[in-house]
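Every number in this text was worked out from the coordinates using simple rules, so none of it is lab data. As the structure is a computational prediction, the values presented were derived from the model and not from experiment. Here the Cβ is made from the backbone with ideal geometry for all residues, glycine too, and neighbour counts use every protein chain on show.
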Amino acid sequence: MPEENEKKEQMSQAFYSQNQEEVLNELDTTPEGLTDDQAQQRLSEYGANELEEGKRSTTLQKFIAQFKDLMIIVLLVAAAISAIVPNEDGHREWVDAIIILAVVVINAVMGVIQESKAEQAIEALREMSTPDATVLRNGHRVTINSEELVPGDIILLEAGDVVPADMRLIEASSLKIEESALTGESVPVEKKLEVLEGEDIGIGDRVNMAYSNSNVTYGRGKGIVVNTGMATEVGKIAGMIASADETQTPLKRNLNQLGKFLTYAIIAIAVVMFFVGTGLNDRGWVDMLLTSISLAVAAIPEGLPAIVTIILALGTQVLSKRNSMIRKLPAVETLGATDIIASDKTGTLTLNQMTVEKLYVDDHQYAASGDIPPENMALKIMNFANDAQFGKDNQLMGDPTETALVQFGLDKGFDVREEIKVEPRVADLPFDSDRKMMSTIHKLKEGKYLVAVKGAPDILLERANEVLISGETKELDESQKQIILDNNQNMARQALRVLGTAYKYIDEVPETLEPEEIEKDLTFAGLVGMIDPERPEAEQAVKEAKGAGIRPIMITGDHRDTAEAIAQRLGIIEKGDDSAVLTGAQLDKMSDEEFSQNVEKYSVYARVSPEHKVRIVSAWQEEGKVVGMTGDGVNDAPALKQADIGIGMGITGTEVSKGASDMVLADDNFATIVVAVEEGRKVFSNIQKAIQYLMAANLGEVLTLFISTLMAWDTLLPIHLLWINLVTDTFPAIALGMEPAEQNLMQHKPRGKTSNFFSGGVMSSIIYQGIVEAASVLFVYWSAIQWPVHATYDAVHEDALTMAFATLGLMQLFHAFNVKSIHQSLFKVGPFKNRAFNWAILLSFAMMMVIIIVPGLNDIFRVAHLDTYQWAIVLGASFAIIPIVEIVKAVQRAMGKS
């Protein structure tokens with residue numbers, strides 16, 4: 001788009017490292033804002049403050065793109081041959097062609113539907129933008145559409161606002177901004193105006209900046225717009241989403257490999273068969289061309305794409321009942337190949353809610369579950385010096401730290417709503433980042449006033465001269481102070497956020513509240529340590545993942561110490577193994593090559609940015625690993641799209657992260673991912689079983705036709721092959737996709753990116769089982785010729801043809817039982833556990849038998865009625881494949897090849 005190229009490039013300087021005057025000069029603006037003329041000129045230079053909509057494919061283009069797959073091309077060629085080239089009787093196989101085309105078209109339509117959902121990520125980003133912004137124009141406060149913002153504008157922020165552009169703050173009054181959409185951390189960031197030194201400071205540490213699409217939760221502020229539109233941090237993420245290459249799933253790779261293999265194999269067999277027939281058997285070239293084409297069509301499992309789609313769809317239904325919503329069907333199978341799960345900490349591995357974990361009162365440290373009486377003074381102070389509110393349905397609202405303190409009070413029997421009625425708040429000193437404290441004043445029943453103070457422990461200790469121990473106040477000497485500081489440090493080492501509580505009594509409330517007077521001569525009451533705790537089931541899920549050969553990786557925007565502590569508690573890293581932790585700043589100093597060489601050393605990443613997440617995923621992918629990435633914020637979207645399996649959060653996740661994901665967790669729970677991996681492994685295993693079943697059956701058909709041609713036998717007619725493929729390829733193959741998971745499925749290592757549907761002994765099984773099927777059919781045909789029941793040639797040939805047809809069809813149904821497990825004995829996995837499979841076999845058996853037994857139908861299919869002796873041969877030869885395969889499996893297990 002030419003007009004986009006004309007837009008002036010926006011600023012990329014580290015404005016957080018410049019003072020206010022430097023930023024104002026850099027952007028040629030003043031604290032009173034721009035004039036209307038300046039704003040209009042810059043709007044034409046920089047463009048509107050909106051995210052660009054990437055180029056989209058039309059529905060027709062998406063539909064056509066579905067036919068670029070090699071397997072689909074092979075099927076289309078087969079359909080064309082079936083429709084154009086007449087068979088031996090001079091008829092064209094229209095039914096075969098229509099079935100193939102229907103399968104291909106349905107598969108393409110489903111592909112278009114899935115692909116269209118993936119384009120919602122950028123649109124969701126666009127819709128997140130705030131519609132209005134309060135700015136200074138011509139020195140006056142006005143409200144404008146946020147799309148009209150330009151670099152140099154002065155924006156005013158208040159609690160409840162959505163930040164409309166990237167800003168350098170020049171005023172901040174108790175300003176807190178929740179930046180989880182960019183950093184992944186839900187705790188609001190307290191904003192300051194100080195100049196930051198260094199050029200590698202992560203977004204989460206840029207306290208003098210405010211970023212587009214973050215939320216103001218407290219206080220007010222003023223800032224200079226430094227970047228708009230695609231130049232904002234959110235815009236950069238949108239650009240990364242748009243430019244990211246669509247990762248090819250293992251399923252697509254495997255189907256492409258299968259398509260190539262089938263193409264080359266079918267062409268080779270058809271060519272050999274043509275020349276053998278014309279050269280050795282002196283058959284006419286037209287006759288042999290038609291026979292070779294029939295063989296090629298018989299060799300293609302035309303129902304495979306539909307069967308794979310159905311098996312995947314069945315997997316999505318199972319996962320939806322287990323809190324996993326699949327947005328893209330191939331993601332079900334990709335889950336089963338996952339080597340790495342790179343998980344966000346907050347909300348996935350942890351509960352995403354601050355929780356009191358430890359308390360230091362009365363000279364002792366207690367666990368939060370300990371026996372803390374409701375009259376404890378520290379408990380009272382943490383609830384009184386608190387601005388949390390109760391909303392609808394008594395839902396706590398406010399700063400996560402303060403709501404955690406109130407909830408802890410409720411758990412211990414201290415209801416601040418009732419207590420405040422008796423001892424109401426009459427004055428307060430709000431939290432200030434310089435004082436690092438807040439205080440509230442409450443009127444007591446006896447006429448005095450209580451000053452409740454909470455804040456940084458070291459600051460409180462400087463303002464205190466007494467300490468409360470077991471209901472008695474004692475002098476706060478240096479030894480007692482050191483004990484308190486030691487407990488504070490002990491909690492901090494466990495990555496707890498520690499607050500101190502203190503109080504004093506006064507006779508009256510001063511007319512002027514001066515912090516220096518109110519917050520002195522305090523009595524220290526205790527310490528409270530909080531953390532966003534790990535989910536109760538997360539530790540076991542991490543253990544299960546490791547047992548399955550999957551490596552859990554924690555990626556978070558939180559501080560290093562907190563990330564390390566949570567990772568150790570979950571078992572992601574060993575205690576004391578701080579070398580497994582890498583910060584975003586450290587990662588910035590590494591080249592891609594250096595990071596790729598060392599990526600296996602690290603299991604925890606702290607204070608990371610969106611670019612870091614993409615680098616981490618890419619580095620593991622370069623190592624040949626299949627990577628699953630979880631995320632809930634806008635900042636996660638590029639990495640979610642880059643990953644082999646992007647996993648969004650259904651509760652806390654933004655629409656952007658959901659749109660970029662392959663699957664969404666309804667409960668935001670890491671344990672659900674492990675459950676989904678097990679289902680993914682089962683789905684791959686079942687697809688592999690279906691492919692083994694189909695390919696062995698088709699190989700049996702190909703070998704039967706090929707050898708028949710060499711022997712100059714008419715063993716099977718095209719209509720027989722079509723009916724067998726319709727009856728035996730469809731229902732049993734789909735039912736195999738509903739097989740329950742085999743034992744110890746999650747005790748195996750991931751199969752790896754280089755594996756395919758033929759790995760693990762499947763190819764050798766297909767070959768020998770196809771040979772067994774062909775040999776059995778040819779034996780039955782030969783025996784019918786050698787020991788005829790009738791005297792005439794036509795009757796004998798019709799009997800032999802019927803017996804060969806029945807043997808091939810019934811043997812494939814018996815063989816379906818064999819592939820219920822590739823290596824385990826049929827009797828160990830249970831032959832009749834899968835009810836859907838049982839009904840599928842019965843239905844297919846009935847369809848095979850009806851055209852032989854029912855008068856009229858046997859004439860259409862050119863088959864004859866068989867006597868008891870002939871049925872005994874057919875059933876015996878058909879059933880023989882079960883003991884044959886069981887013996888081979890037993891030998892393989894004994895040789896350790898399973």
Subject >> Contour minus Cα-Cα distance for Arg220 and Ala741 (0.36 nm per residue) >> reply: 181.9 nm
Subject >> Cα→Cβ-extended label distance, 7 Å offset, between Asp486 and Lys443, nm >> reply: 4.5
**OP:** Please work out the Cα center distance from the range 838-898 to the range 366-404, rounded to the nearest Å.
**Re:** 72
Original post:
Once the Cβ-Cβ distance between Ser755 and Ala775 is put in as r, and R0 is 22 Å, what FRET efficiency do you end up with, to the nearest 0.05?
Top reply: 0.15
Subject >> Long pairs among Lys358/Lys575; Lys625/Lys828; Lys321/Lys753; Lys328/Lys897, criterion Cα-Cα beyond 31 Å >> reply: Lys625/Lys828; Lys328/Lys897
Original post:
Angle, helix 94-118 long axis vs. longest principal axis of the chain, Cα atoms, 0 to 90°, nearest 10?
Top reply: 10
Original post:
Under the Karplus relation 6.51 cos²θ - 1.76 cosθ + 1.60, θ = phi - 60°, what is the ordered set of whole-Hz ³J(HN,Hα) values for the range 709-717, x standing for Gly and Pro?
Top reply: 5, 4, 8, 6, 9, 9, 6, 9, 9
Original post:
Okay, helix-only estimate at 222 nm for the chain: each DSSP H run of n ≥ 4 adds -39500 (n - 2.57), divide by all residues, round to 500 deg cm²/dmol; what do you get?
Top reply: -15500 deg cm²/dmol
Original post:
By how many degrees, 0 to 90 and rounded to 10, does the Cα axis of helix 400-411 deviate from the longest principal axis of the chain?
Top reply: 90
**OP:** For Lys474 paired with Asn138, estimate the spin-label separation in nm (one decimal), with each label point 7 Å from Cα along the Cα-to-Cβ line.
**Re:** 7.0
Original post:
Counting only residues 5 or more places away or on other chains, whose amide H sits under 5 Å from the amide H of Asp662 once H atoms are built in the peptide plane?
Top reply: Gly646, Ile647, Gly648
**OP:** Any chance you could check the Cα centroid distance between the range 556-586 and the range 721-736 for me, in angstrom?
**Re:** 53
**OP:** Report the paramagnetic label zone for Ser17: residues of the range 157-171 whose backbone N is under 12 Å from a point 7 Å from Cα along the Cα-to-Cβ axis.
**Re:** none
**OP:** Please check which bits of the range 867-888 a label hung off Phe827 would reach, taking the label as a point 7 Å along Cα-to-C-beta and the cut-off as backbone N under 19 Å.
**Re:** 879-888
**OP:** Filter the trypsin sites (Lys or Arg not before Pro) in the range 440-501 down to the DSSP loop ones having no more than 16 other Cβ atoms within 10 Å, then list what survives.
**Re:** Lys445, Lys448
Subject >> Relative contact order [Cα under 8 Å, 6+ residues apart], the range 355-531, whole percent >> reply: 27
**OP:** Kindly state, to the nearest 0.05, the FRET efficiency for Arg417 paired with Leu60, given R0 = 56 Å and r defined as their beta-carbon distance.
**Re:** 0.35
**OP:** Go through 794-804, 389-399, 639-649, 29-39 and give me the packing order, highest mean Cβ count within 10 Å leading.
**Re:** 639-649, 794-804, 29-39, 389-399
Original post:
What's the local net charge at Asn487, with K and R +1, D and E -1, over the other residues with C-beta under 10 Å away?
Top reply: -1
**OP:** Can you tell me the equivalent ellipsoid semi-axes for the chain? Use √(5λ) from the Cα gyration tensor, largest first, whole Å.
**Re:** 71, 32, 21
Subject >> Tilt relative to the chain, helix 762-786 - C-alpha long axis, 0 to 90 degrees, to 10 >> reply: 20
**OP:** With 5 Å bins from zero, work out the P(r) of the range 355-531 over every alpha carbon pair and list the percent per bin.
**Re:** 1, 9, 18, 22, 22, 16, 8, 2, 0, 0
**OP:** Report the FRET efficiency, 1/(1 + (r/R0)^6), for Ala846 and Phe67, where r is their Cβ-Cβ distance and R0 is 35 Å, rounded to 0.05.
**Re:** 0.45
Subject >> Karplus-derived HN-Hα couplings along the range 503-516 (A = 6.51, B = -1.76, C = 1.60, θ = phi - 60°), whole Hz, x at Gly and Pro >> reply: 7, 6, 10, 10, 7, 8, 8, x, 5, 10, 7, 9, x, 4
**OP:** Could you tell me the convex hull volume per residue, in Å³, taken over the Cα atoms of the range 829-898?
**Re:** 124
Subject >> Additional length obtainable on full extension of the chain from Lys192 to Ile84, 0.36 nm per residue less Cα span >> reply: 31.2 nm
Subject >> Sequence-separation-based contact order of the chain, relative, with Cα cut under 8 Å and 6+ spacing, percent >> reply: 13
